[in-house]
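Input: a single structure, listed below in structure tokens.
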Amino acid sequence: MGRPKNLSFSIIAAIIGLMVAIQFQTVREPEVRDTRDTWQLREDLMKEKELQSKLLLEIRSNEEKLAKYETERHQSKEDVLRETLAELKDEAGLTEVTGPGITLTIKPAFNLIVEGDNPPSVSPDMLKRLLNELNMYGAKHVSVDGERVINTTVIRDINRVTKINGHSLNRFPIEVQVITENGDAAEKLYNRMKVSTVAEDFFIDNLEVLVNRPESTLVVPAYKDTIRIRYMEPVKTDKGGGNG
């Protein structure tokens, strides 16, 4: 009887030991270090906040449109569609916008330029950082050197010249017009940009950014080029009728 008992006890102990080992391996989490720097974390957070904000605004806009369709049946469908088209053009940046905001002026920092240095220029990365900072702090409509910034705006270096929407940024000063939701938002944006480290980073390229006092009326021009739509085609309807 002794050997069977010892054998059973050994098997049970082995099973318990195996279960404890499996549980310990399952509970233990691998140590993963986040190697992203502070700026990358801020950019990721900003993108998530922007996406959340856009989704909430889109839901609210769609709910308002549905309510309008229900409460204004006396109004013709043509008028409602025309208003919707005007809203979409405004959101896409195809219309001129007027409102309160601030102006930023980018110009050479002559006190930092040493004789023999190359003429200063705005790099695409620095301009993108500046625009990201403005969007983070409440910018609604932005133009750079008279060029409207929209969702499809491309900022890149071509032959050592920074271009935005194909427009060359090779003359100073460069003015950045920013329109906000209201006057209070313009004041908040002004205060935040006055202490922003992004503006200070321009000194690396021998440039300075002047943040001007908020104005009650600024004008941001409409997007000038044609917006090209890819991967989209009209919905095919059934024969003999429309969509319903």
query = What's log10 of I(q)/I(0) for the stretch 96-224 at q = 0.12, 0.14 Å⁻¹, Debye sum over Cα points only, no solvent?
reply = -0.43, -0.59
task = Starting from the Cα coordinates of the stretch 38-92, work out the convex hull volume and express it per residue in Å³.
result = 59
ask   = With a 10 Å Cβ neighbour count serving as the proxy for reagent exposure, in which order, fewest first, do K194, K140 appear?
value = K194, K140
note = Exposure-ranked with fewest Cβ neighbours within 10 Å first, Y69, Y137 stand as Y69, Y137
note = By Cβ neighbour count within 10 Å, fewest first, F202, F172 rank F172, F202
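Taken together, the values in this text are just the output of simple stated rules run on the coordinates, not laboratory data. Quantities reported herein were computed from a predicted structural model and do not represent experimental measurements. Here Cβ is always computed from backbone atoms with ideal geometry, including for glycine, and neighbour counts include all displayed protein chains.
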